[in-house]
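Enquirer: Okay, handing you the structure first.
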Amino acid sequence: MTPGLVPPGTSLAAARRILAQAFRAAGLDSPELDARVLAGHALGLDHARLMAAAERPLTAEEAARVAALAARRLAREPVARIVGRREFWGLALAVAPAVLVPRPETETVVEAALARLDRRGPLRVLDLGTGSGALLIALLRELPRAFGVATDRSPAALHLARANAAAHGLADRAGFVACDFGAALAGGFDLVVSNPPYVASADIGTLAPEVRDHDPRLALDGGCDGLAAYRAIAADAGRLLAATGLLVLELGAGQAPAVAALLREAGLDPAEPVPDLAGIPRAIAARHPI
């Protein structure tokens with residue numbers, strides 16, 4: 001990206017077109033959307049104000065800001081990391097280097113949990129390896145009588161998750177514990193959820209640059225076969241779950257049979273996996289046998 005890609009005096013609409021063309025030529029998936037979001041972030045304008053100011057010429061300083069953000073995107077830095085936030089379950093969440101960027105397919109875990117949960121009484125919710133807090137925050141917003149606990153090995157991730165919970169008015173219903181999944185907790189949870197690391201160590205180098213170079217390895221690396229976190233969670237699940245509790249885990253592509261087998265070996269009864277919008281089995285629920 002050269003400083004002259006967006007010359008001073010270029011209209012805002014033309015600058016967005018220039019960015020979109022550059023992103024499209026680089027093979028990025030959503031060039032127009034990325035151009036709109038980054039231009040708006042550079043100038044402090046929401047979508048409506050971007051449209052209203054479409055013909056306004058950019059100052060030299062504004063053009064430089066837009067070009068600088070475009071350069072970061074062309075280097076395959078995710079838009080969410082550039083702007084510092086990502087929407088999940090309709091909620092704006094701050095993101096930082098210590099956590100995964102929440103992904104739409106992870107909403108399948110929330111959907112699967114809400115579809116199977118008995119909501120008639122107060123609930124205790126546990127999110128293992130919370131990262132940004134996305135799963136816990138989405139569930140607490142949907143379950144006004146629930147109290148949640150989130151764990152993570154990363155103190156920086158817990159700090160961010162706590163801040164995200166507070167930003168959505170949930171500070172008094174969420175607790176945060178530094179530990180390896182559920183190792184430091186007693187049982188009695190009505191719902192346990194997790195989006196654990198599930199990429200096989202040898203496969204991390206094959207991931208898209210946005211993931212490989214920017215998501216924390218701690219949140220990606222599932223060990224030699226991608227199943228290390230599932231083994232740890234399965235081993236603790238029987239202790240963590242209340243008698244009628246529900247466990248819901250995100251799955252990597254093709255992992256449903258192996259994870260279901262681990263849950264059965266741990267004495268749980270897994271249900272059929274739930275597909276995401278792409279048809280990939282993405283979440284699996286399990287309970288104690290009846």
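Enquirer: Would you mind checking the radius of gyration and Dmax of region 1-152 based on alpha-carbon positions, in Å?
Expert: Spelled out, the Cα radius of gyration and Dmax of region 1-152 are 19.4, 61 Å.
Enquirer: I'd like the projected area of region 69-165, averaged over all directions, using the convex hull of its alpha carbons. Report it in nm² with one decimal.
Expert: Reported value for the Cα convex hull: 6.5 nm².
Enquirer: Where does the chain land on Rg(C-alpha)/(2.2 N^0.38 Å)? Don't skip to the end; give the middle numbers.
Expert: On the way: Rg = 21.1 Å, N = 290, 2.2 N^0.38 = 19.0 Å.
Here the answer is 1.11, to two decimals.
Enquirer: Counting only Cα, what are the radius of gyration and maximum Cα-Cα distance Dmax of region 137-178, in Å?
Expert: Here Rg and the maximum Cα pair distance are 9.7, 28 Å.
Enquirer: I want the antiparallel fraction of DSSP beta bridges within region 43-193, as a percent rounded to 5.
Expert: Values: 4 of 18 bridges.
Percentage antiparallel, nearest 5: 20.
Enquirer: Once Rh is set to the Kirkwood radius over Cα pairs, what Stokes-Einstein translational diffusion coefficient, in µm²/s, holds for region 51-92 at a temperature of 25 °C and a viscosity of 0.890 mPa s?
Expert: Numbers: Rh = 12.2 Å.
It comes out at roughly 201 µm²/s.
Enquirer: Just read off the accessible area of Ile280 with the full protein assembly in place, 1.4 Å probe, to the nearest 10 Å².
Expert: 60
Enquirer: Report the GluC sites (Glu not before Pro) located in region 2-98 that are in a DSSP loop and have at most 11 other Cβ atoms inside 10 Å of their Cβ, or state none.
Expert: Taking region 2-98 and a limit of 11 other Cβ atoms within 10 Å, the loop GluC sites (Glu not before Pro) found are Glu55.
Enquirer: Probe radius 1.4 Å, ligands and nucleic acids left out: which of Tyr198, Tyr230 has the largest accessible area, and how do the rest follow?
Expert: Tyr198, Tyr230
Enquirer: I'd like the antiparallel share, as a percent to the nearest 5, of DSSP beta bridges with both residues in the chain. Don't jump to the answer; show the numbers that get you there.
Expert: Working: 13 of 34 bridges.
Beta bridges within the chain, antiparallel portion: roughly 40 percent.
Enquirer: Can I ask one more? If you average the sequence gap of Cα pairs under 8 Å that are 6 or more apart and divide by the length of the chain, what percent do you get for the contact order?
Expert: Rounded, it is 15 percent for the chain.
Enquirer: Charges only on Cβ, +1 for Lys and Arg, -1 for Asp and Glu: so what's the dipole of the chain about the Cα centre, in debye to the nearest 20?
Expert: 540
Enquirer: Something else now. Quote the relative contact order of region 76-155 in percent (integer), defining contacts as alpha-carbon pairs under 8 Å separated by 6+ residues.
Expert: Details: 98 pairs, mean separation 21.3, N = 80.
Once normalised by length, the contact order is 27 percent.
Enquirer: Related question: Choose one of Val211, Ala22, Ala266: the residue whose Cα lies farthest towards the positive end of the charge dipole of the chain (beta-carbon charges +1 Lys, Arg; -1 Asp, Glu; about the Cα centre).
Expert: Farthest towards the positive pole: Ala22.
Enquirer: If I model region 174-265 as equal point scatterers sitting on the Cα atoms and use the Debye formula, what is log10 I(q)/I(0) at q = 0.25 Å⁻¹?
Expert: Treating every Cα as an identical point scatterer, log10 I(q)/I(0) equals -1.32.
Enquirer: Please give the solvent-accessible surface of Ser154 in Å², to the nearest 10, using a probe radius of 1.4 Å with every protein chain present.
Expert: 20
Enquirer: Using only the alpha-carbon atoms of region 112-199 as identical scatterers, what base-10 log of I(q)/I(0) does the Debye formula give at q = 0.24 Å⁻¹?
Expert: With no solvent term, the Cα-only Debye profile gives -1.23.
Enquirer: Okay, moving on. Can you give the extra length, in nm with one decimal, that the chain gains between Ala166 and Ala208 once fully stretched, where that is 0.36 nm per residue apart less the Cα-Cα distance?
Expert: 11.9 nm
Enquirer: Over region 142-290, what is the relative contact order in whole percent, taking alpha-carbon pairs under 8 Å and six or more residues apart?
Expert: About 20 percent, as a whole number.
Enquirer: Quick check for you: with a 1.4 Å probe and neighbouring chains kept, what is the accessible area per residue of region 141-207, in Å²?
Expert: Working: 2900 Å² over 67 residues.
Averaged over the residues of region 141-207, the accessible area is 43 Å².
Enquirer: State the Cα centre-to-centre distance between region 182-217 and region 16-32 in whole Å.
Expert: Here the answer is 30 Å between Cα centres.
Enquirer: To continue, here is another question. At q = 0.09, 0.18, 0.19 Å⁻¹, work out log10 I(q)/I(0) for region 133-290 with the Debye formula, treating every Cα as an identical point scatterer and leaving solvent out; two decimals please.
Expert: -0.30, -1.24, -1.36
The values are calculated or read from the model by the stated rules, or taken from the named source; none is laboratory data. Every value quoted in this text rests on a predicted model; they were computed, and no experiment measured them. Cβ coordinates were reconstructed from backbone atoms using ideal geometry, including for glycine residues, and neighbour counts include every protein chain displayed. These area figures cover heavy atoms from the full protein model, side chains too; ligands, DNA and RNA do not enter into them. Shrake-Rupley method; radii C 1.70, N 1.55, O 1.52, S 1.80 Å.
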